[in-house]
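Since the structure comes first, as structure tokens, the remarks are kept for the end.
The values are calculated or read from the model by the stated rules, or taken from the named source; none is laboratory data. These numbers were taken from a predicted model, which means no experiment stands behind them. Using ideal geometry, Cβ is built from the backbone for each residue, glycine included, and neighbour counts are taken over all protein chains shown. The accessibility values were calculated without ligands, DNA or RNA, using every heavy atom of the protein model including side chains. Shrake-Rupley method; radii C 1.70, N 1.55, O 1.52, S 1.80 Å.
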Amino acid sequence: MFKKPLIGLTLDLENTKSYSVFPWYAIRKNYCSSITKFGGIPIPLTYDSKSVKEILSIIDGIIVTGGGFDIDPRYFKQRKIYSNVVTKEERTKFEIILCKNAIKNNIPVLGICGGEQLLNVVYGGSLVQDIKMDLRTSINHEQTNPRDQTSHGVNIIQNTKLEKIIKQKTIKVNSAHHQAVKEVGKGLTINALAEDGVIEGIEDKNKDFCMGIQWHPEFLIEKSDIKIFQSFLLAARKLIWTILNSNQFINTKT
């Protein structure tokens, strides 16, 4: 029987008294719809670090979503420099534990925007705390036009998994971040660069699918965005097939 892949999605936690006067979890709809569009089932993941092992035994892939916050610089051995660095400790702690265990078990991981930065930190890398303050660039990485439109170009690095997926040398992307990958984590490879040199993508070539993307492909603006989600869902299906074949082999032997 065909089993749809279950894709875990990390959530944001809000305290603003809009949806509720009490704290509430949040996720943009298109994170979920981009999964269902390509045959997966989105599973929102609450911050339950004690249940990570059980969570990973159920899901077939993870998307670490973006959000309006930053990773505490102490996670990459720096101190907070700028006042616009806003952290969410509970979320970051959960996502780090989740990603470390998913990577260890070769479960497909796609980090989007802040999720790419989280992935880099998990691998021991560091971050640019504020692009406008730390780098010279003519690109506004916090675009003013709507997020469902592209704003700048990205160069895809040759001989990377991302290049094999997209099959293009340059693409257009949307942009909604004030931080970026600085020193790339051990075991990761850069797979995409903005025209100003800002790192836009990273990957672990030794995993079936472990990739961070600085833009927001869940908007499915370009063909390249579609190909990323298709490839991610394919990796999740391959994990299901591997587990099923492994179980069949065990049953035959017993």
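Listed values, structure above:
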| read-out | value |
| --- | --- |
| Inter-part distance where segment 169-189 and segment 52-69 are each reduced to a Cα centre, Å | 20 Å |
| Apportionment of accessible area to carbon and sulfur, segment 93-195, percent (1.4 Å) | 47 percent |
| Cα-based shape type of segment 160-208, given that a ≥ b ≥ c are square roots of the gyration tensor eigenvalues and the cut on a/c is 1.5 | oblate |
| Selected from Phe22, Phe94, Phe232 as most flexible by GNM, with the chain as the system and alpha-carbon contacts under 10 Å | Phe22 |
| Å² of accessible area per residue within segment 1-154, as computed with a 1.4 Å probe and no ligands counted | 52 Å² |
| Relative packing of 159-171, 49-61, which averages over residues the other C-beta atoms within 10 Å, highest first | 159-171, 49-61 |
| Value of Rg/Rh across segment 157-254 [Cα atoms, Kirkwood radius] | 1.09 |
| Segment 1-111 - Rg and Dmax from Cα coordinates, angstrom | 15.2, 54 |
| Most to least accessible of Trp241, Trp24, Trp215 (protein chains only, probe 1.4 Å) | Trp241, Trp24, Trp215 |
| Total charge dipole magnitude, the chain, about the Cα centre, Cβ charges on Lys, Arg, Asp, Glu only, Debye to nearest 20 | 680 debye |
| Expected 222 nm ellipticity per residue - DSSP helices of 4 or more, -39500 (n - 2.57), all of the chain, to 500 | -10000 deg cm²/dmol |
| Separation of the Asn155 and Ile240 label points, Cα + 7 Å toward Cβ, nm | 3.9 nm |
| Accessible carbon and sulfur surface of segment 1-71 relative to its total accessible area, %, 1.4 Å | 62 percent |
| For the chain, convex hull of alpha carbons as volume per residue, Å³ | 143 Å³ |
| Segment 127-181 shape via C-alpha gyration tensor axes, a/c threshold 1.5 | oblate |
| Histogram of C-alpha separations across segment 1-61, 10 Å bin width, % | 21, 41, 30, 7, 1 |
| Residue among Gln179, Gln149, Gln117 with the largest mean-square fluctuation in a Gaussian network model of the chain, springs linking Cα atoms under 10 Å | Gln149 |
| Gained length - Gln168 relative to Ser83, 0.36 nm times residue gap less alpha-carbon distance | 26.8 nm |
| Thr46 paired with Leu13, simple spin-label distance in nm, labels 7 Å along Cα-to-beta-carbon | 1.1 nm |
